[in-house]
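One structure is given here, and the rest of the page talks about it.
The values are calculated or read from the model by the stated rules, or taken from the named source; none is laboratory data. What you see is a predicted model, and the numbers here were worked out from it, not measured in a lab. We place every Cβ from the backbone using ideal geometry, glycine too, and count neighbours over all the protein chains shown.
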Amino acid sequence: MVGHYENFFIASAGASAAILGLLVVAVSVVNTDDATLTTRELRTVLAGSAFVALVDIFFVSMVALTGGSFVFGLASLAMAIVGLLATKRLIPRAKRAGNFSPSSRTRNLNIAFASISVAVYSLQFCLAVGLLAYPRSGALQRALVLVIVALYGSALARAWEVSGIARRSPANGAEQESTEQGDVVDADTQGDPEHAG
């Protein structure tokens, strides 16, 4: 039955590799424009958890292409363990940085991301154990494929937050820039007889 998902796994492996590359670039760019240690640590933790989710997707997708449902189950089990261990290491780091403190403006989001990580990796672990016990179960295979989709959603939400796009205001920056450019043009054309009305 895993063969039915071959195209999904091919696309998934390529997409996760591409997003991983973009995530590395995004983290390096956004961390240069903010000197606040807490914000940098928040981004590092979020990027780390997104990275782990994308690596999970990549390896599960690649390994699933090499074998049947038993191999798919083994890869899912191994990556669920890696995901749980990585989350176990990232949560205390986020807590030390103050990401869960009541004064953090993204406290609820940080708690949601941590909870979602634990829930998705735990679900992946349980489904993988089930698939290893019942390798012919189409329902378990389908459920593990949906876990990959959930991991994509989680990783993309974290990457969005890491990039800071929601907090940036390009309209105000573009408006200010065009106003400044307009002032320069007006000053340049005031003494120019060609532009005189």
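The table below lists the values:
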item: Residues of the range 57-89 classified as among the aliphatic types (A, V, I, L, M), buried (at least 16 other Cβ atoms within 10 Å of the Cβ) and within 17 Å of the chain's Cα centre (by Cα), total; result: 6
item: Tally, over the range 108-129, of residues that are small (Gly, Ala, Ser) and either without any contact (Cβ under 8 Å) to a residue 24 or more places away in the chain or out of contact with any helix residue (DSSP H, G or I) (no Cβ under 9 Å at 6 or more places or on another chain) (or both); result: 3
item: Members of the range 90-133 that are among the small types (Gly, Ala, Ser) and either surrounded by fewer than 16 Cβ atoms within 10 Å (Cβ to Cβ) or modelled with pLDDT of 90 or more (or both); result: Ser101, Ser103, Ala112, Ala114, Ser115, Ser117, Ala119, Ser122, Ala128, Gly130, Ala133
item: Of all residues making up the range 90-124, the number that are assigned to a helix (DSSP H, G or I) and over 20 Å from the mean Cα position of the chain (by Cα); result: 1
item: Check on Val162, assigned to a helix (DSSP H, G or I), at pLDDT below 95, in contact with a helix residue (DSSP H, G or I) (Cβ under 8 Å, 6 or more places away or on another chain) and among the β-branched types (Val, Ile, Thr); result: yes
item: Conditions (1) within 18 Å of the chain's Cα centre (by Cα); (2) loosely packed, with under 15 Cβ neighbours inside 10 Å; (3) outside any helix (DSSP H, G or I): number failed by Gly14; result: (3)
item: Members of the range 58-80 found to be closer than 19 Å to Ser16 by Cα and not small (Gly, Ala, Ser), listed by number; result: Phe58, Phe59, Val60, Met62, Val63, Leu65, Thr66, Phe72, Leu77, Met79
item: Residue match in the range 53-72 (condition: aromatic (Phe, Trp, Tyr) and free of Cβ contacts under 8 Å to residues at least 24 places away in the same chain); result: yes
item: Positions within the range 31-56 being among the aliphatic types (A, V, I, L, M) and buried (at least 17 other Cβ atoms within 10 Å of the Cβ), in sequence order; result: Leu42, Val45, Leu46, Ala47, Ala50, Val52, Ala53, Leu54, Val55
item: Set Val52, Val60: member being modelled with pLDDT of 90 or more, in a helix (DSSP H, G or I), within 24 Å of Tyr134 (Cα to Cα) and touching a helix residue (DSSP H, G or I) at 6+ places or on another chain (Cβ under 7 Å); result: Val60
